[in-house]
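The values are calculated or read from the model by the stated rules, or taken from the named source; none is laboratory data. Owing to the predicted nature of the structure, the values given are computational and were not obtained by experimental measurement. Cβ placement follows ideal geometry from the backbone for every residue including glycine, while neighbour counts extend to all protein chains displayed. All accessible areas refer to the heavy atoms of the entire protein, side chains included, with ligands and DNA or RNA removed. Shrake-Rupley method; radii C 1.70, N 1.55, O 1.52, S 1.80 Å.
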Amino acid sequence: MTDSTDQTGLRLAKRLASQLPCSRADAERYIAGGWVRVDGVVVEEPMERVRDDQVVTLDPKAKLESLASVTLIWHKPAGHALPEAQFLPDDIAASWFTPELRFAGDRSGVRPLKAHRHKLLAVAPLGELSSGLMVFTQNPGVARKMTEDATQLEHEWLAEVAADPALEEVARRDEVLRSLGKPAFFDGWAVPTARASWQSELRLRLAIKGNMPGQVAHLCERAGVKLTALRRLRLGRIALAGLPVGQWRYLLGYERF
């Protein structure tokens with residue numbers, strides 16, 4: 001494969017269009033769809049230049065179809081900060097959503113393409129120190145629903161709290177749950193109450209509608225416990241469901257938030 005900055009040779013789309021033959025637009029769709037190889041290597045950039053001596057082939061199973069927008073489910077590790085940009089930069093997407101990090105249990109059947117890592121919008125993003133379920137989408141419908149229904153979308157969290165001898169007492173633990181279940185104001189807004197339960201002495205499970213940054217920490221502070229780690233287990237009807245830390249998968253066709 002040639003260097004894309006090399007101005008010698010023909011652009012791949014033009015070469016493929018004349019070789020098949022087909023229209024330049026169809027050639028670009030074949031290439032972006034991952035159906036074209038140059039010297040045996042898949043190339044997904046129509047602007048890539050190829051020399052006359054290079055072999056360009058079209059996969060026999062190639063389908064001439066428009067690229068569908070995708071939605072990715074990711075188990076975000078703590079410590080990963082999202083850049084302050086509308087879309088996830090392509091270079092970061094390429095490092096987070098590699099074929100090697102794709103969940104082995106992904107049942108979507110989707111062929112991963114470079115185009116799937118372009119213009120990914122983070123919906124209901126997590127802060128740098130938080131971990132767990134994150135969603136990135138190219139689909140305007142998914143993005144719109146996650147925005148318009150944001151206050152009604154339930155988030156399930158696993159919250160780790162700092163050690164405190166008082167929490168060894170059942171009465172104190174019950175007091176924390178009662179506090180978490182009371183109406184609250186945060187940043188001047190009324191926020192929904194949390195359904196909470198203790199999973200262990202220092203681990204709380206909470207379900208709350210809406211996702212205002214700092215909301216869970218505020219509720220914990222009000223209850224007299226200090227949040228030390230936070231992981232999102234579920235967003236709406238989509239759960240981590242065994243997705244390992246750092247791995248990703250495609251949203252299945254039948255899945256809805």
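Just wondering, is there one or more residues in segment 101-108 that are in contact with a His (Cβ under 7 Å, 6 or more places away or on another chain) and surrounded by 15 or more Cβ atoms within 10 Å (Cβ to Cβ)?
no
Among residues belonging to segment 129-145 that are at pLDDT below 95 and among the hydrophobic types (A, V, I, L, M, F, W, C), point out the one that is surrounded by the most Cβ atoms within 10 Å (Cβ to Cβ).
Among them, the one singled out is VAL142.
Only one residue in GLU201, GLU168 is over 20 Å from VAL123 (Cα atoms) and modelled with pLDDT of 90 or more. Which one?
GLU168
Scan segment 116-129 and report the pairs whose first residue is on the phi < 0 side of the Ramachandran plot and whose second residue is among the basic types (Lys, Arg), with Cβ atoms within less than 7 Å and a gap of 6+ or a chain change.
LEU126/LYS76; LEU126/ARG232
Out of the residues in segment 32-73 that are among the β-branched types (Val, Ile, Thr) and closer than 24 Å to THR137 by Cβ, state the one that is nearest to the chain's Cα centre (by Cα).
ILE73
Among the numbered criteria (1) open to solvent by 80 Å² or more (accessible area, probe 1.4 Å); (2) touching a Leu at 6+ places or on another chain (Cβ under 8 Å); (3) at pLDDT 95 or above, which one does ARG232 miss?
(1)
Only one residue in LEU153, LEU120 is open to solvent by less than 50 Å² (accessible area, probe 1.4 Å) and closer than 29 Å to THR228 by Cα. Which one?
LEU153
Kindly list the number of the only condition in (1) touching a Ser or Thr at 6+ places or on another chain (Cβ under 7 Å); (2) hydrophobic (A, V, I, L, M, F, W, C); (3) within 21 Å of THR71 (Cα to Cα) that fails for LEU153.
LEU153 satisfies every listed condition except (1).
Are any residues in segment 4-43 within 18 Å of HIS116 (Cβ to Cβ) and buried (at least 18 other Cβ atoms within 10 Å of the Cβ), and if so, which ones?
GLU28, ARG29, TYR30, ILE31, ALA32, GLY33, GLY34, TRP35, VAL36, VAL43
Taking segment 129-183, which residues are part of a helix (DSSP H, G or I), under 25 Å from ALA223 (Cα atoms) and of a type in the set (Asp, Glu)?
GLU168, ASP174, GLU175
Please tell me if LEU251 is aliphatic (A, V, I, L, M), within 24 Å of the chain's Cα centre (by Cα) and open to solvent by 30 Å² or more (accessible area, probe 1.4 Å).
Here the answer is yes, as LEU251 does meet what is asked.
Is there a residue in segment 44-67 that is open to solvent by 70 Å² or more (accessible area, probe 1.4 Å) and touching a His at 6+ places or on another chain (Cβ under 9 Å)?
Yes; the residues of segment 44-67 include at least one that is open to solvent by 70 Å² or more (accessible area, probe 1.4 Å) and touching a His at 6+ places or on another chain (Cβ under 9 Å).
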